[in-house]
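Let me begin by presenting the structure, written as structure tokens, before commenting on it.
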Amino acid sequence: MTDCLFCKMVSAEIKADVVYENDNVLAFQDINPQAPVHFLVVPKRHISTINDLTDADTELVGQLFLAAKEVATKLGVAEEGYRTVMNCNALAGQSVFHIHLHVLAGRPMLWPPG
Ligand code: AMP
Ligand code: ZN
């Protein structure tokens, strides 16, 4: 999608601080980190929200979590723990409409989240 921030990061039109990449997935540092570790994992293909996922995306969604685990391990926070969050639509706080898995670590996480 031409007018999508994360599509532009996938195509390198906008520079991302990339921490992981494979054929289907890109992970990069969040520009406004909410924890000492905060990166985002996105599919390279544009999908606006969780509501737009189909059965054909089952493998792709799994790859988002496998990438999260890989990067968390590389950054040394996997054993200590980390939180994954994917917001869906405005009420949940989604502001970029290209699905992304937040991965946060390095501080205690509160529950329930705000
Ligand atoms: P959400 O509010 O769940 O849609 O999350 C969007 C996330 O994208 C926020 O955590 C932002 O800080 C992050 N973000 C926005 N613009 C950029 C950017 N140019 N590079 C990296 N992260 C970004
Ligand atoms: Zn996009």
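The table below lists the values:
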{"read-out": "The one condition in (1) farther than 16 Å from Gln94 by Cα; (2) within 11 Å of ligand 2 (Cβ to nearest atom); (3) at pLDDT 95 or above that Ile14 fails to fulfil", "value": "(2)"}
{"read-out": "Pairs with Cβ under 6 Å, 6+ apart, first in region 44-55 and in contact (Cβ under 8 Å) with a residue 40 or more places away in the chain and under 14 Å from Leu101 (Cα atoms), second more than 8 Å from ligand 2 (Cβ to nearest atom) and open to solvent by 80 Å² or more (accessible area, probe 1.4 Å)", "value": "none"}
{"read-out": "Subset tally (residues that are more than 9 Å from ligand 1 (Cβ to nearest atom), of a type in the set (Gly, Ala, Ser) and surrounded by 11 or more Cβ atoms within 10 Å (Cβ to Cβ)) for region 1-17", "value": "1"}
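The values are calculated or read from the model by the stated rules, or taken from the named source; none is laboratory data. Computed from a prediction, not measured in an experiment: that's the story for all the values here. Note that we place each Cβ from the backbone using ideal geometry, even for glycine, and neighbour counts take in every protein chain shown. Areas reflect the complete protein model, heavy atoms only, side chains present, ligands, DNA and RNA absent. Shrake-Rupley method; radii C 1.70, N 1.55, O 1.52, S 1.80 Å.
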